[in-house]
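Where a number appears in this text, it was derived from the coordinates with a stated rule and is not lab data. Computed from a predicted model, the values in this text were never measured in an experiment. All Cβ positions, glycine included, derive from the backbone under ideal geometry; neighbour counts span all protein chains shown.
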Amino acid sequence: PPGLQNFPDEPYRIHLLGYLLPINLSYEVDLWGKHRNRAKAGCLSAWAQLSAYKSALLTLTTEVASTYYTLKTLEATALIYQDEIQQRQEALSFFSSRYDKGIGQKLDVETSKIELANTEAAYADTKREIALQNHRLAALIGRAPETFCLAPLESELSPPMIPAGVPTDILVNRPDISEAELKRTAENARVGAAKAEFFPSFTLTGALGYLSPTTQDFLSYQSRLWSMGANADQTLFDGFRKYQNYQASWARFDQADSNYRQLVLNAFKEVEDALASLRYEREKKEKYLIAQEASMNSLSLSKSRYSRGITNRLEVIDNQRSTLAARLNHLNAAGATWQATLQLIRALGGSWGDICDKTY
């Protein structure tokens, strides 16, 4: 045709040179709370990790305190054995001297040796337990056992008095319960985010910038450009992926909720167990104190009777054993009172605050 004579038959290219400076903006309207719930779940999960850290710190603190007072109980036990060993050594020297002078019996000497050897063996076992607990305490606080040395107590410590009117609301302060509650709330937020996936998403888009074929007019007012738009996206079929994700989120929430409820019930159980242990350990401590005083009086009377020739050596030995057992029982009951107090403090979350004046 006449109009196409100036165009060659071979293919040709057109080169256009342009300069573009765009600023693209996009914003998804969170009508259904998908992103809001995801952000909430992430924040709650972070707080749950903080509660987990506090729970681990509380467990470590309780372990350190428990090991410390176990160690102090063993050290007090060692002092009792030292006192008993000294008395038995004096008794052995006394009966050996009487036997050498021909006024004593060989049986008294051998019996004194038996009592001394048994007490020394018990003392050695106690020293072994002291070393083990010392090493355990050093490991708990991050110290090398060979360089760790704990100073002795200058005076006996008394367990703290726990308020009797502790309300049930204080259990919320337990870090493990707080962690479980935060995880449950986070999973609930994830359920909301999974549910929002079923609804369409709306996105607002916009662009600002400059477009020019030359650099001279690139940033001029005539080269400006802008655009606005809106998008709506909806998945018609995804192989039930969203539905399965929604069901899985509900299952995780049910698991977190069950874990939370079980922790609350277990917290009440731990508090009641600790209260019962503390109450009966204190009662047992008082009874053992009575038994200790009575056994010491009985030992004094039996020694007086033996010195006057009214009774034999076996009665004195029996009373010595009873006195030693009573002293150890009273000391162990005092240590058990400390352990029960520590367990109650841990069950209450490590603190109870200024609740009331009445105490356990």
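R0 = 41 Å: FRET efficiency of residue 29 with residue 268, Cβ-based, nearest 0.05?
Numbers: r = 46 Å, r/R0 = 1.12.
Approximately 0.35, to the nearest 0.05.
Exposure proxy check: 263, 324 ranked by fewest other beta carbons within 10 Å?
Taking fewest neighbouring Cβ atoms as first place, the list is 263, 324.
Put a dot 7 Å past each Cα toward the Cβ at residue 204 and residue 135; how far apart are the dots in nm?
7.0 nm
As an exercise, find the ratio Rg/Rh for segment 14-347 from alpha-carbon atoms, using the Kirkwood inverse-distance average for Rh.
The Rg/Rh ratio comes out at 1.37.
With the contact rule set at Cα under 8 Å and sequence spacing of 6 or more, what percent relative contact order holds for the chain? Mind dumping the intermediate values first?
On the way: 395 pairs, mean separation 102.7, N = 360.
Once normalised by length, the contact order is 29 percent.
Hey, got the dipole for the chain? About the Cα centre, +1 on K and R Cβ, -1 on D and E Cβ, debye to the nearest 20?
On the way: 40 positive and 41 negative charges, 115 e Å.
Using only the charged Cβ atoms, the result is roughly 560 debye.
Give me, ordered by chain and number, the residues 5 or more places off residue 174 or on other chains with an amide H under 5 Å from its own placed amide H.
Amide H neighbours of residue 174: none.
Describe numerically, in nm with one decimal, the distance between label points set 7 Å from Cα along Cα→Cβ at residue 254 and at residue 124.
6.2 nm
Of 151, 291, 194, which is the most mobile in a GNM of the chain whose springs link Cα atoms less than 10 angstrom apart?
Taking springs between Cα atoms under 10 Å, the residue moving most is 151.
Just want the answer: with Cβ charges of +1 for Lys and Arg and -1 for Asp and Glu, which residue in 117, 82, 69 is farthest toward the dipole's positive end in segment 65-147?
69
Report, in deg cm²/dmol and to the nearest 500, the calculated mean residue ellipticity at 222 nm for the chain, where each DSSP H run with n ≥ 4 adds -39500 (n - 2.57) and the sum is divided by the residue count.
Computed ellipticity for the chain at 222 nm equals -23500 deg cm²/dmol.
Compute the length gained on full extension between residue 83 and residue 46: take 0.36 nm times their separation in residues and subtract their Cα-Cα distance, giving the result in nm to one decimal.
Length gained between residue 83 and residue 46: 7.7 nm.
If I model a spin label at residue 59 and residue 106 as a point 7 Å from the Cα along the Cα→Cβ vector, what separation in nanometres do I get?
So the label points at residue 59 and residue 106 sit 6.2 nm apart.
Cut-off is 10 Å between beta-carbons; in what order do 203, 126, 62 appear when sorted fewest neighbours first?
The fewest-first ordering by Cβ neighbours comes to 203, 62, 126.
Please report how far the C-alpha centroid of segment 122-136 lies from that of segment 252-330, rounded to the nearest whole angstrom.
One Cα centre to the other: 21 Å.
Under 5 Å between amide H atoms, partner at least 5 residues away or on a different chain: which partners does residue 311 have, H built in plane at 1.01 Å?
Those lying under 5 Å, H to H, from residue 311 are 306.
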